[in-house]
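Report on one structure; see the data block that follows.
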Amino acid sequence: MAADRAMRARVRAGAALIALAGALAACDAPSANGPAFAYDPSLRYVDATGEHDFVYHWPLGSVVRVFVDDRAQPAGWDIVAAVDAGGKAWQSEMFYREVSLRRVASAADADVVVHYDAAPATVDLPADCGLPFVQAAGITVLCPNADYTGLEVLPLAGSTATGHVKMDVTAVVSRIADDAQLRRVVAREVGHVFGIGAHSGNRDDLMFPVPQVDGPSPADGQTLRWVLHQSGAVAP
């Protein structure tokens, strides 16, 4: 949700638009035929000044810590395995091991939390990063700060500890048919976590709004590699 072109959220007024300029990986250098991404990966936010598109990615070399909450899990499903598989699939598209995922045992140690919609809240969303209504099987929430130089920390629910969570990922059980579809949905959300802020219009891509494939396509990989090497991107 929060990492696709259809998302709409409230952010602080006066936020600056992040340019898409920056260094590109050699393998995806732009050509005279067009941009180096296969589809536009920009994340769109709306605030009092209008619509703002920007790109984001974790600093190169980051190990992104993920807490997976399997409470409220339907019988026969495995959200932990889905996150592991999604991370591995996307990392196979990174030519230089730019970013990796590592699961941690608690939300207090995490950069990202993944959970089912029926599970108790792990983080509290700030009032200026409101959750818009969308109909989606997977929802990824992230909140840029006032000047788009980074992402806000999402406070831990019911805790006075600050924590480190920058992204919240929800699997919506009522919109997922089975464990196989859960894996596809979670893998798509991992693509949002790594930096693809929009959806593809091609059903052959994992980042299609209703994913039909089990792993990233060549176009998905090309787009992610482009994002990861944008020096002007918002960095969590």
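Every read-out reported here was derived from the displayed coordinates using simple, explicitly stated rules and does not represent laboratory data. Remember, it's a predicted structure, so these values are computed and weren't measured experimentally. All Cβ positions, even for glycine, are placed from backbone atoms using ideal geometry, and neighbour counts span all protein chains on display.
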Self-check item: Residues with amide H under 5 Å from that of residue 234, placed H, sequence gap 5 or more
Solution: 55, 56, 57
Quiz item: Ranked highest first by average number of other Cβ atoms within 10 Å, how do 105-112, 171-178, 189-196 line up?
Solution: 189-196, 105-112, 171-178
Quiz item: Once both labels are modelled 7 Å past Cα along the beta-carbon direction, what's the residue 108-residue 62 spacing in nm?
Solution: 2.3
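Multiply the residue gap between residue 96 and residue 80 by 0.36 nm, knock off their C-alpha separation, and tell me the result in nm, one decimal place. Write down the numbers at each step before the final one.
Values: separation 16, 0.36 × 16 = 5.76 nm, distance 2.53 nm.
Length gained between residue 96 and residue 80: 3.2 nm.
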Quiz item: Roughly how many nanometres apart are two label points built 7 Å out from the Cα toward the Cβ at residue 179 and residue 231?
Solution: 4.7
Quiz item: Over all directions, what mean area does the Cα convex hull of segment 26-228 project, stated in square nanometres?
Solution: 11.8
